[in-house]
1. Where only protein heavy atoms count, and the probe is 1.4 Å, what is the accessible area per residue for the chain in Å²?
2. Helix 152-164 sits at what angle to the longest principal axis of the chain, using alpha carbons and giving 0 to 90 degrees rounded to 10?
3. Would you mind giving the average projected area, over all directions, of the Cα convex hull of the chain in nm² with one decimal?
4. So what's segment 167-274 giving for Cα Rg divided by 2.2 N^0.38 Å, two decimals?
5. Using +1 at the C-beta of Lys and Arg and -1 at the C-beta of Asp and Glu, which of 280, 300, 326 has the Cα lying farthest in the positive direction of the dipole of segment 278-326?
6. I'd like the accessible area for residue 86, computed on protein heavy atoms only with a 1.4 Å probe and all protein chains in place. Round to 10 Å², please.
7. Taking only Cα atoms, what is the 0 to 90° angle, nearest 10, from helix 309-331's long axis to the longest principal axis of the chain?
8. Work out the length of the dipole vector of the chain about its Cα centre, built from +1 on the beta-carbon of each Lys and Arg and -1 on the beta-carbon of each Asp and Glu, and round it to the nearest 20 debye.
Amino acid sequence: MPSDAVGSSEVSPTARALLTLEILQNRPGVTAAELSRRLGVSERASRRHIAILREAGIPVVSTRGPHGGYALGRGAALAPVVFTETEALSLVMAVIDSHPSAATPTDDDADTVGTALDKVVRALPRAAARQAAALREHASATPDRRASRPDPRTTSALVAASAARRRVRITYASESGSTWQDTTDPWSVVVRHSRWYLLCHSHRADAVRTYRIDRIVDVVELDGGFEPPPALDPVASLEEHLGIGWEFETRVVFQVPQEEAQRWVHPAMGRLERHTEGCVLVGSTSNPSMYVREWLARIPLPFRVEGGSELRAAVREVADQLVRGASEGASGT
């Protein structure tokens, strides 16, 4: 008998009917043969369990033919979700990993993730709940300094517009403090390194753009529709366009081969190209100071800023600060 079958004559018809409901939830279109195998009963008996569900008012529809089977119909009252201990702990770990503040139970309604996890833990079976509560009590997580927490309502509105292929008007606030509106075709919502992005076609720029969703302050769905590019790969397209379209130009020459610089340059910084001195990084940013302090300063390669007056000014500011720091240290010895 297959290992995933119930296979015990001691299991009651009610228990088998509930298991039948769970199988229908997880595998719409399951055949009578597969259902009987999973229940460990004959096909005739499996059909009796389908009949029990129908008698209980649960709409189970059947489709004939080579691709037919059983599925839950509209209006089905689904059984409560039941987690195994491993599933429950994996869920708690995933939440804590992505949202460190959820590690501590809270009465603060503002922490929606923490309060949601509280409800999940309270609803777990006793053994799984004990394990999950212990994990929350004794596990600690370091907040991701780069993580962003977009408004769930904004994210949901963008996802809905993307799914319905409806154009939207967004209001965006950049890191430099400027705010603008853009009419966009929202191709996809992409999560990258704990940050949520909208990959879209910008009608303002007539080009592909990537907007951080935590910086989108308003979304209005419009009447117009759109068609995304055929065979769109949202993740690859996001990587390609992250460093494009911001207010301030960046052009940095590295005196090393492109393959060596590629190890240190991530897509949000721009695009690496061949150059007579080695390679050049071409892109843009809304925050030159951040670009220099958090990105350029960490690259242990010789470089010079070839373009972008704002970027050159930010490099000089950081260099002067470091020189002053070294001078003050020397005078104090």
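1. Value for the chain: 58 Å² per residue.
2. With both axes taken from Cα atoms, the answer is about 70 degrees.
3. 27.0 nm²
4. Cα Rg divided by the expected 2.2 N^0.38 Å: 1.16.
5. 326
6. 100 Å²
7. For helix 309-331, the angle is close to 80 degrees.
8. 1100 debye
The values are calculated or read from the model by the stated rules, or taken from the named source; none is laboratory data. Every value quoted in this text rests on a predicted model; they were computed, and no experiment measured them. Every residue, glycine as well, gets a Cβ built from its backbone with ideal geometry; the counts of neighbours run over all protein chains shown. Side chains included, ligands, DNA and RNA excluded: accessible areas come from the protein's heavy atoms. Shrake-Rupley method; radii C 1.70, N 1.55, O 1.52, S 1.80 Å.
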